Amino acid sequence: MSDFERATKAGYDAIAERYAEHFSGELWGKESDRDVLVAYAEGVRAAGGGKVADVGSGPGRVTAFLHELGLDVHGIDLSSAMVALARREHPHLRFEQGSMMALDLADGALAGLVAWYSIIHVVPDRLPEVFAEFGRVLAPGGRLLLAFQVGNEPLHFDEAFGHRVDLDFHRLDPERVTGLLAAAGFRVRTRLVRPPVGRESTHQAFIAARKHDERPAAQRLTR
């Protein structure tokens, strides 16, 4: 496990309960964000469905919402405390501990992968590795959805919710992320940036992409 993964895991293990309580209504207060997830779910279903992973699932609120939208989804998170909390809050869903740097999934196992504000803890120089791993586990034509804060300067916290932590939040340039996805074999379909809402201090980005379909043209479905 890398240094940034150890720090991220320790931080969220410490603050899991308070974090979940603090952000419990976050998704429901942002209609535009829900619309992004709805459109993503519609795209996965229209392409025939299949298994979807919510990577960096935290307390499981996005996983549960995607399940309500009809997706066969499970959550994966680095923090064992977050996984335990998500299992308690959503006992009908599956949550597993794991790292996005090395997902415990077979090649091409997924129809979709969502990383909803989870790549923000990855050291930016290692994003190509993460996107390559996402590409490995997605089937040809598989759908990827990313959400992250926009910016160039990282935000560091030594303390959160009364606990000592060592957490870095990397704000990202949507143009750079788009380029990295293209290099990893993805075709970006949608890129949205919205202004801050509520207590947010920066713009938010949402990128929907598809893994290049490597099948012969005669075998592809037209959608």
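The values are calculated or read from the model by the stated rules, or taken from the named source; none is laboratory data. Just so it is clear, the model here is predicted, and its values are computed rather than measured. Virtual Cβ from ideal backbone geometry, glycine too; neighbours counted across all protein chains shown. Note: areas computed on protein heavy atoms with side chains; ligands, DNA, RNA excluded. Shrake-Rupley method; radii C 1.70, N 1.55, O 1.52, S 1.80 Å.
Most mobile of GLU153, GLU42, GLU17 per a Gaussian network model of the chain (Cα springs, under 10 Å)?
Between GLU153, GLU42, GLU17, it is GLU153 that shows the largest mean-square fluctuation.
Considering Cα pairs under 8 angstrom that are at least six residues apart, work out the relative contact order of the chain and quote it in whole percent.
On the way: 420 pairs, mean separation 42.3, N = 223.
Reported as a whole number, the value is 19 percent.
Could you tell me which residue out of SER80, HIS156, PHE134 lies farthest along the dipole of the chain toward its positive end? Charges go on the beta carbon: Lys and Arg +1, Asp and Glu -1, centred on the Cα centre.
Positive-end residue among those listed: PHE134.
What size of dipole, in debye to the nearest 20, comes out for the range 46-192 about its Cα centre when the only charges are +1 on Lys and Arg C-beta atoms and -1 on Asp and Glu C-beta atoms?
On the way: 14 positive and 18 negative charges, 104 e Å.
In debye, rounded to 20, the range 46-192 gives about 500.
When ligands, DNA and RNA are left out and all protein chains stay put, how many square angstrom of accessible area per residue does the chain have with a 1.4 Å probe?
Working: 10720 Å² over 223 residues.
So the chain comes to 48 Å² accessible per residue, rounded to a whole number.
What does the charge count near ASP166 come to, summing +1 for each Lys or Arg and -1 for each Asp or Glu among other residues with Cβ under 13 Å from its Cβ? Spell out each step's value before the answer.
On the way: positive: ARG6, LYS9, ARG164; negative: ASP3, GLU5, ASP13, ASP158, GLU159, ASP168.
Neighbour charge sum, excluding ASP166 itself: -3.
If you place +1 on the Cβ of every Lys and Arg, -1 on the Cβ of every Asp and Glu, and leave all else neutral, what size is the dipole of the range 134-213 about its Cα centre, to the nearest 20 Debye?
Numbers: 12 positive and 9 negative charges, 127 e Å.
Using Cβ point charges on Lys, Arg, Asp and Glu, the range 134-213 gives about 620 debye.
Answer with one residue from PHE95, ALA46, VAL177: the one whose Cα lies farthest towards the positive end of the charge dipole of the chain, charges on Cβ with Lys, Arg +1 and Asp, Glu -1.
Highest projection toward the positive end goes to ALA46.
Roughly what % antiparallel, to the nearest 5, for the DSSP beta bridges in the chain? Please list the in-between numbers first.
On the way: 21 of 39 bridges.
Percentage antiparallel, nearest 5: 55.
Treating the beta-carbon of each Lys and Arg as +1 and of each Asp and Glu as -1, no other charges, what is the dipole magnitude of the range 1-104 about its Cα centre, to the nearest 20 debye? Present the calculation step by step, with values, prior to reporting the outcome.
Values: 11 positive and 17 negative charges, 33 e Å.
Result for the range 1-104 is approximately 160 debye, rounded to the nearest 20.
Would you calculate, for the chain, the mean residue ellipticity at 222 nm contributed by helices, counting each DSSP H stretch of 4 or more residues as -39,500 (n - 2.57) and dividing by all residues, to the nearest 500? Present the calculation step by step, with values, prior to reporting the outcome.
Details: 6 runs with 75 residues, N = 223.
Rounded to the nearest 500, the figure is -10500 deg cm²/dmol.
If the elastic network links every pair of Cα atoms under 10 Å, which of ARG34, ARG176, ARG94 fluctuates the most in the Gaussian network model of the chain?
The residue with the greatest mean-square fluctuation here is ARG176.
When the Kirkwood radius is taken over all Cα pairs of the range 105-177, what Stokes-Einstein diffusion coefficient follows at 4 °C and 1.567 mPa s, in µm²/s?
Details: Rh = 13.6 Å.
In µm²/s, the coefficient is 95.
Of ASP158, ASP33, ASP173, which has the largest mean-square fluctuation in a 10 Å C-alpha GNM of the chain?
Taking springs between Cα atoms under 10 Å, the residue moving most is ASP158.
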